[in-house]
């Protein structure tokens, strides 16, 4: 009876650990490969350049793995459209918290540096379309005009 209780407790403990930590480890391994292909289309040269600039922002306080994790999660959330079909591992990885917590000044410098990265998907204000004709970026009246009811 006690061996059965110990076995069940051990299995429950392992199951709880796997649900909390194991899935995140597997997701990190699988999703980081996919996100690196999306965020670094020019390969390892581009990746190393970005890591060097992140080291300058943080004054070399953190390792490459922590900086890469932060970059992949923050920029991955901006680049990957979560409403389009995204595989389970990428979604799980992007929804987990970053391992690195930057201070306010480091975060500001990060966003100043990488606001429009990658350049191909950098469009801050959408252009006017039939559905959102009240949004404009080249108006002298400001960013928003009142929508006409006709």
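Points to keep in mind about this one:
- Test result for residue 138, modelled with pLDDT under 90 and either assigned to a helix (DSSP H, G or I) or surrounded by 10 or more Cβ atoms within 10 Å (Cβ to Cβ) (or both): no
- Restricting attention to the range 84-106, the residues that are surrounded by fewer than 19 Cβ atoms within 10 Å (Cβ to Cβ) and farther than 27 Å from residue 18 by Cα add up to 5.
- Residue among 73, 33, 20, 59 that alone is within 20 Å of residue 116 (Cβ to Cβ) and free of Cβ contacts under 8 Å to residues at least 60 places away in the same chain: 73
- In the range 7-79, counting only helices (runs of 4 or more DSSP H) that sit wholly within it, the ones holding 2 or more residues that are surrounded by 12 or more Cβ atoms within 10 Å (Cβ to Cβ) and at pLDDT below 90 span 23-39, 64-79.
- In the range 80-96, residue nearest to residue 107 (Cα to Cα) [restricted to those that are touching a helix residue (DSSP H, G or I) at 6+ places or on another chain (Cβ under 9 Å) and outside any helix (DSSP H, G or I)]: 96
- Scanning the range 97-110 for residues being in a helix (DSSP H, G or I) and within 19 Å of residue 38 (Cβ to Cβ) gives a total of 1.
The values are calculated or read from the model by the stated rules, or taken from the named source; none is laboratory data. This is a predicted model, so every value here is computed, not measured. Quick reminder, even Gly has a Cβ in these numbers, built from the backbone with ideal geometry, and neighbours come from all protein chains shown.
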